[in-house]
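The values are calculated or read from the model by the stated rules, or taken from the named source; none is laboratory data. Please read all numbers here as calculations on a predicted model, not as lab measurements. FYI the Cβ positions are ideal-geometry reconstructions off the backbone, even for glycines, and counts take in every protein chain you see.
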């Protein structure tokens, strides 16, 4: 009984990753997240200097904090990748279209977070 369930779980996860839309979507999201971390590490060193964390076009800098707080943006993006991967693997056997939407939405979220970090880098430069 246990071996049968284990084989079922392993085969369902393999089919989820073997789907080309899921593999390319989540693969691109992971690649974007790695690029995100690299850009932030190169441009903003994680130290205790104060940096602008939130900027308003009308009032200017609203929140100023330690520079390593900026690294929470790609960390949150990485958590979103993980949650979407887990949800996608759970729902893949029931609804394949939903996992395709999750894969595409994960890429969009990564792009939005990357743009937000690039804006903060530009403001803090």
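Residues in region 90-114 that are under 17 Å from the mean Cα position of the chain (by Cα) and more than 14 Å from residue 20 (Cα to Cα): 105, 106, 107, 108, 109, 110, 111, 112, 113, 114.
Table: residues versus (1) in a helix (DSSP H, G or I); (2) exposed (fewer than 13 other Cβ atoms within 10 Å of the Cβ); (3) modelled with pLDDT of 80 or more.
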{"position": "31", "(1), (2), (3)": "yes, yes, yes"}
{"position": "35", "(1), (2), (3)": "yes, no, yes"}
{"position": "63", "(1), (2), (3)": "no, yes, no"}
{"position": "68", "(1), (2), (3)": "yes, no, no"}
{"position": "81", "(1), (2), (3)": "yes, no, yes"}
{"position": "93", "(1), (2), (3)": "no, no, yes"}
{"position": "101", "(1), (2), (3)": "yes, no, yes"}
{"position": "113", "(1), (2), (3)": "yes, no, yes"}
{"position": "122", "(1), (2), (3)": "yes, yes, yes"}
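Taking region 97-125 as the search range and keeping residues that are in contact (Cβ under 8 Å) with a residue 24 or more places away in the chain and out of contact with any helix residue (DSSP H, G or I) (no Cβ under 9 Å at 6 or more places or on another chain), which one is nearest to residue 28 (Cα to Cα)? Only one residue fits best here, namely 119.
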